[in-house]
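Written below as structure tokens is the structure these notes are about.
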Amino acid sequence: MGMGRYVIKRAASSVLTFFVTVALTFVLFRLLPGNPVQLLFRNPELTQAEIRELSTQFGLNKPLWLQFILYIRNVFLGNWGISFYYRSPVTEVLFPALLNSVILILPATVLAIVIGAGLGVLAGWKRGSYTDVGVLSSSLVLYAIPTFWLGILLIMIFVKVGGLPVSGMVSITAVNGPPLQYLVSVLRHMILPMLTLTLVTLGQFTIIMRSSIIGELTEDYVVAAYSKGLTSSWLLRKHVVPNALLPTISIIAISIGTVVAGAVLTETVFSWPGVGSLIYDSIFRRDYPVLQGAFLIIALFVIAANFVADIMYAYLDPRVKYS
Amino acid sequence: MVLMAILAPYISPYNPNQIDPNAILQGPSFHHLLGTNEVGQDILSLVIWGSRVSLLVGFLATAVAITVGTTIGVAAGYFGTAADEVLMRLTDFFLVVPAVVLAIIVAALLGNSLLNVVLIIGLLSWPPTARIVRSSTLVYKHAPFVEASKVAGASSIHILRTHILPNVMPLVYANTALTIANAIFTQSALVFLGVGDINNISWGQTLHFAYSSGAITAGDYWYAIPPGLMIVLAVLGFALAGYSLDEAFNPRLKGGSVFGSA
């Protein structure tokens, strides 16, 4: 099978996965006992007109299969319902939160991958040394630390020491200030949540990279290269690291789910106004359309990331038999 | 740690539910070794009693996950073709979907009883087990002793029970410890967010109240550090146990990764 067909096949399977996710949200939010649509009509804050409007919006007077089809259609058309709390379209509520989440997650993940992979290479290369033991055990400890607890510890330290804001995204004085002041304020608020997210996701990347390097070092070509008299560092740079990076890509894709989970908890602890905080707030506001939208957008991102990683892997590694 | 959970009534210095209005948010002292919280409960007792729910949820959720995972894995591996395709697509789906986020939402929708939390965590953490069991089943499916049994006219159920499962189970056991670690982790996160089982004492619950009562920003370290430390120790312990079991049982995994399978 050629590359083109492989891409199409993977794309089809990603679309299918998203479709199943959409179906799952339908089941979750409509069919389970005590589902939000039933609860909705007991909400005393809603006026008669709003209830009528919502009934039509959800199509509750139609048969179930038709509701399902309409729901799917709405999801793919970007009509994700109206937030109960903000009284505005869910997509409008989600967009700024999504942007804030990306601002936090992207640099944290890049940092975690770069530092994690670097430490992994170091530990794998010096396997069995004190460096290796130190790196490996601290990675395991970082993996075992609950995200929210690390956040709590950092908050406690910085409340005492001062110097860095521990909550929110921008200080009140900077909200209407000049752009530079705004930017500096956001960056200062970003440091602790980013540190938390980087630290909790770093450990797994280190461990993956380490075992990948160790696996690569036992290959015949490494032994052959040694016997030819090549230096260790040249061999490491030119052969071992590039080869060991490849399988790491696909495992990093799988761990994107854990990064997202970490981000949800980090945002909640530091009150960072992203999708995670939005989920947390929406739970207590019983704002089910937003909750549903937030889950769909997260699923969409994770599925897309997995797709991109699979394609990258297949493109970079000619040994992959497109299956 | 398991001993601590079982012996909780005997070793904890106070009744964890006992409220003492005269000793609110006290630092560690001779009377309260780890201090007290905002309603005067003894932190040490809370931490000791908390191990019960935290470990219980970990074990029960893992039992659910292992049962579902093994069943699906064996079925997919043994019966093959269409069943395999459908079950593995399902497994892939649950591997890709962000489980913790899904757990938070489902827990929020279904209400926060202990049973719900166990079921949610269990039903979201079976895919790794299913994958491992499936690939192992494929190995044994064409083993000579299985073929021989088939020729002798044994039923599928019989072959699965007496030949396949006993060979597959060691890998499942190794995976169990890792699943327990993940379940404890997820449970504490759910409870911390207030969507888990908030009424029973657990480490996550103690941290939830430490955060929501403002004790964190007040710098009451004795309140927030012990329960978190317990989670770290429990997760680390089970993860390391799983890691070494995996290395012992899995011949293909020479120096493999903890997270490749977790």
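The values are calculated or read from the model by the stated rules, or taken from the named source; none is laboratory data. Model, not experiment: these values are computed from the prediction. Glycine also receives a Cβ, built like all others from the backbone with ideal geometry; neighbour counts cover every protein chain displayed.
Beta carbons closer than 8 Å, at least 6 apart along the sequence or on distinct chains, pair a first residue in the stretch A:3-27 that is away from every other protein chain (no Cβ under 12 Å) with a second that is of a type outside the set (A, V, I, L, M) for A:3/A:315; A:3/A:322; A:5/A:322; A:6/A:322; A:9/A:322; A:11/A:307; A:26/A:68; A:26/A:71. Selection of the stretch A:255-285 for residues being within 7 Å of chain B (Cβ to nearest Cβ), among the β-branched types (Val, Ile, Thr) and under 20 Å from residue B:183 (Cα atoms) yields A:260, A:264. Residue selection: residue B:144 fails the criterion of being within 23 Å of the chain's Cα centre (by Cα) and surrounded by fewer than 23 Cβ atoms within 10 Å (Cβ to Cβ).
Take the stretch A:237-252 and flag every residue that is within 11 Å of chain B (Cβ to nearest Cβ), surrounded by 19 or more Cβ atoms within 10 Å (Cβ to Cβ) and either touching a residue at least 60 places away in the same chain (Cβ under 8 Å) or over 18 Å from residue B:98 (Cα atoms) (or both).
Keep residues of the stretch A:237-252 that are within 11 Å of chain B (Cβ to nearest Cβ), which gives A:247-248, A:250-252.
Those still in the list that are surrounded by 19 or more Cβ atoms within 10 Å (Cβ to Cβ) too: A:247-248, A:251-252.
Within the stretch A:237-252, A:247, A:248, A:252 meet the criteria.
The set of residues from the stretch B:207-225 being at pLDDT below 80, in a helix (DSSP H, G or I) and more than 7 Å from chain A (Cβ to nearest Cβ) comprises B:209, B:210, B:212, B:222, B:223, B:225. Is it the case, given these coordinates, that residue B:118 is crowded, with 21+ Cβ neighbours inside 10 Å and closer than 30 Å to residue A:285 by Cα? In short, yes. If the Cβ limit is 8 Å and pairs must be 6+ apart or interchain, which residue in the stretch B:90-118 that is over 16 Å from residue A:305 (Cα atoms) pairs with which residue that is of a type in the set (S, T, N, Q) and assigned to a helix (DSSP H, G or I)? If the second residue must be of a type in the set (S, T, N, Q) and assigned to a helix (DSSP H, G or I), the pairs left are B:100/A:258; B:100/B:186; B:103/B:186; B:107/B:116; B:110/B:116; B:117/B:187.
The set of residues in the stretch B:71-122 that are within 16 Å of the chain's Cα centre (by Cα) and either polar (S, T, N, Q) or away from chain A (no Cβ under 11 Å) (or both) comprises B:114, B:115, B:116, B:117, B:118, B:119, B:120, B:121, B:122. Provide a single number: the residues in the stretch A:194-216 that are surrounded by fewer than 24 Cβ atoms within 10 Å (Cβ to Cβ), in contact (Cβ under 8 Å) with a residue 40 or more places away in the chain and within 10 Å of another protein chain (Cβ to nearest Cβ). Residues meeting the conditions: 1.
Sort through A:311, A:251, A:297 and tell me the only one that's among the β-branched types (Val, Ile, Thr) and at pLDDT 85 or above.
Values: A:311 fails: at pLDDT 85 or above; A:251 fails: at pLDDT 85 or above.
Unique residue meeting the criteria: A:297.
Can you tell me which residue among A:121, A:175, A:141, A:184 is touching a residue at least 40 places away in the same chain (Cβ under 8 Å), of a type in the set (Val, Ile, Thr) and away from chain B (no Cβ under 11 Å)? Break it down into steps so the answer makes sense when it comes.
Working: A:175 fails: touching a residue at least 40 places away in the same chain (Cβ under 8 Å); A:141 fails: away from chain B (no Cβ under 11 Å); A:184 fails: touching a residue at least 40 places away in the same chain (Cβ under 8 Å).
Exactly one of A:121, A:175, A:141, A:184 is touching a residue at least 40 places away in the same chain (Cβ under 8 Å), of a type in the set (Val, Ile, Thr) and away from chain B (no Cβ under 11 Å), namely A:121.
When residues in the stretch A:75-106 are screened for being among the small types (Gly, Ala, Ser) and either modelled with pLDDT under 80 or over 29 Å from residue A:201 (Cβ atoms) (or both), 4 of them pass. Against the criterion of being out of contact with any Asp or Glu (no Cβ under 7 Å at 6 or more places or on another chain), free of Cβ contacts under 8 Å to residues at least 12 places away in the same chain and among the aliphatic types (A, V, I, L, M), residue B:86 qualifies.
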